[in-house]
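Colleague: Below is one structure. I have some questions about it.
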Amino acid sequence: MTEIGGYIELERFRGSLYHDDAVALNCGRNCLAYIIAARGVERILLPSFLCDSVSGLCAREGVTTREYRITESLQPEWSFGVEDGEYLYLVDYYGQLSAETLARARALSGGRLIVDETQNYFAKPSTGVDTLYSCRKYFGVPDGGFLYTDAPAIERVHRSESRGRVDYLVGRLERSAGEFFEAARANNDSFASEPVRAMSRFTENMLRGIDYRFVADTRNDNYDVLARRLDGLNGLALNRPNGPFVYPLLVDGGERAKKALAEKGIFVPTLWPNVLGGTGDPVARRFARDILPLPVDQRYGRDEMLAIVDALEKVGVI
């Protein structure tokens with residue numbers, strides 16, 4: 001029977017999940033693993049600009065992969081075909097995926113299309129397209145991914161547990177990021193070997209407590225502050241999505257700039273370092289090296305955005 005009485009556990013929230021109609025899983029990469037199992041996927045065509053966690057997941061699941069290139073507008077370079085039985089993996093980089101690209105990819109793949117929205121949480125999926133999202137890129141939760149699919153449900157999906165994964169989140173709230181960086185990285189690395197599981201109760205509960213309108217509006221406002229100052233200097237021509245992941249600034253010498261910004265307490269990651277030595281696509285290598293994914297998330301406001309601009313000026317980026 002259900003326990004009654006005793007001490008009160010973590011408070012439970014009653015709000016809705018933004019992706020209420022999706023399958024709630026333990027991470028974005030296992031959303032792909034779910035599709036592989038449910039669809040019987042054996043071959044996937046991946047873009048050159050991509051985290052190696054995806055190719056690693058494919059290797060783990062015994063899926064054969066090959067690579068296609070992307071253009072400077074963050075769309076596929078359409079010099080490839082999709083073979084019979086092969087699936088096309090399409091990434092919505094920084095929320096820049098166009099409707100035309102999506103339609104062309106859908107037609108080219110014969111509907112065997114997987115859309116990665118891990119950098120565009122607030123985008124709604126297209127009907128009939130397998131679409132996956134990551135929660136940890138947008139919110140302070142230890143696990144979580146959402147998958148929209150009409151594939152048959154796979155069996156024996158046990159629920160993940162987060163009780164051993166929350167220390168670095170609480171630590172970052174109460175202390176500095178540096179003290180808990182290794183714990184955060186270890187949590188991220190743990191998903192490489194974790195099987196497909198349902199989202200933990202902890203993460204689902206936290207996601208029910210989030211004010212999604214506030215999050216999206218704050219990200220929009222912060223992005224706009226940076227865009228007004230940086231769009232004219234940016235090597236990327238951008239359209240702001242709703243609730244953007246980051247403001248991606250493409251400049252010469254991005255790798256050096258990241259180090260200089262870190263010395264000023266502004267931490268800008270490399271997305272993705274594996275691309276620097278792992279692809280023959282010069283566009284993807286340049287993007288990995290020189291795009292500065294500037295933070296615009298809900299922790300910050302106008303003052304922090306202006307501080308980023310000021311730091312960029314001081315380190316000679318602008």
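Colleague: Of the residues in region 116-145, how many are in a strand (DSSP E or B) and over 12 Å from the mean Cα position of the chain (by Cα)? Break it down stepwise before answering.
Modeller: So in region 116-145, the residues in a strand (DSSP E or B) come out as 116, 130-134, 145.
Of the ones still in play, those that are also over 12 Å from the mean Cα position of the chain (by Cα) are 130-131.
Result for region 116-145: 2.
Colleague: Here's another thing I want to ask about it. In the set L292, L306, which member is more than 23 Å from L169 (Cα to Cα), of a type in the set (A, V, I, L, M, F, W, C), in the same structural domain as L233 (by TED's automatic domain parsing) and in contact with a strand residue (DSSP E or B) (Cβ under 6 Å, 6 or more places away or on another chain)? I'd like the intermediate steps shown before the answer.
Modeller: Numbers: L306 fails: in contact with a strand residue (DSSP E or B) (Cβ under 6 Å, 6 or more places away or on another chain).
Among L292, L306, only L292 is more than 23 Å from L169 (Cα to Cα), of a type in the set (A, V, I, L, M, F, W, C), in the same structural domain as L233 (by TED's automatic domain parsing) and in contact with a strand residue (DSSP E or B) (Cβ under 6 Å, 6 or more places away or on another chain).
Colleague: Here is a follow-up. Give me the residue from region 62-107 that is buried (at least 17 other Cβ atoms within 10 Å of the Cβ) and of a type in the set (D, E) and, out of that set, nearest to G40 (Cα to Cα).
Modeller: Going through the qualifying residues, I end up with E86.
Colleague: Hey, does region 47-58 have a residue that's within 18 Å of W272 (Cβ to Cβ) and free of Cβ contacts under 8 Å to residues at least 12 places away in the same chain?
Modeller: Kept after step one, since they are within 18 Å of W272 (Cβ to Cβ), are these residues of region 47-58: 47-58.
With free of Cβ contacts under 8 Å to residues at least 12 places away in the same chain added as a condition, the list becomes 55.
Yes - at least one qualifying residue is present in region 47-58.
Colleague: Show the residue pairs meeting these rules: Cβ distance below 7 Å; 6+ apart or different chains; first residue within region 209-231 and surrounded by fewer than 15 Cβ atoms within 10 Å (Cβ to Cβ); second residue aromatic (F, W, Y).
Modeller: From residues that are surrounded by fewer than 15 Cβ atoms within 10 Å (Cβ to Cβ), the pairs are G209/F13.
Colleague: When only residues in region 165-193 that are modelled with pLDDT under 90 and assigned to a loop (DSSP other than H, G, I, E, B) count, which is farthest from A37 (Cα to Cα)?
Modeller: In this case the residue turns out to be S176.
Colleague: Something else: Do we have S53 as out of contact with any helix residue (DSSP H, G or I) (no Cβ under 8 Å at 6 or more places or on another chain) and of a type in the set (S, T, N, Q) here?
Modeller: Working: out of contact with any helix residue (DSSP H, G or I) (no Cβ under 8 Å at 6 or more places or on another chain): no; of a type in the set (S, T, N, Q): yes.
Against the criterion (out of contact with any helix residue (DSSP H, G or I) (no Cβ under 8 Å at 6 or more places or on another chain) and of a type in the set (S, T, N, Q)), S53 does not qualify.
Colleague: Would you mind finding the one in T218, T203 that is assigned by TED's automatic domain parsing to the domain that holds G56 and modelled with pLDDT of 95 or more?
Modeller: Numbers: T218 fails: assigned by TED's automatic domain parsing to the domain that holds G56.
Going through T218, T203 in turn, the sole match is T203.
The values are calculated or read from the model by the stated rules, or taken from the named source; none is laboratory data. Keep in mind it's a predicted model, so treat the numbers as computed, not measured. Cβ: placed from backbone, ideal geometry, glycine included. Neighbour counts: every protein chain shown.
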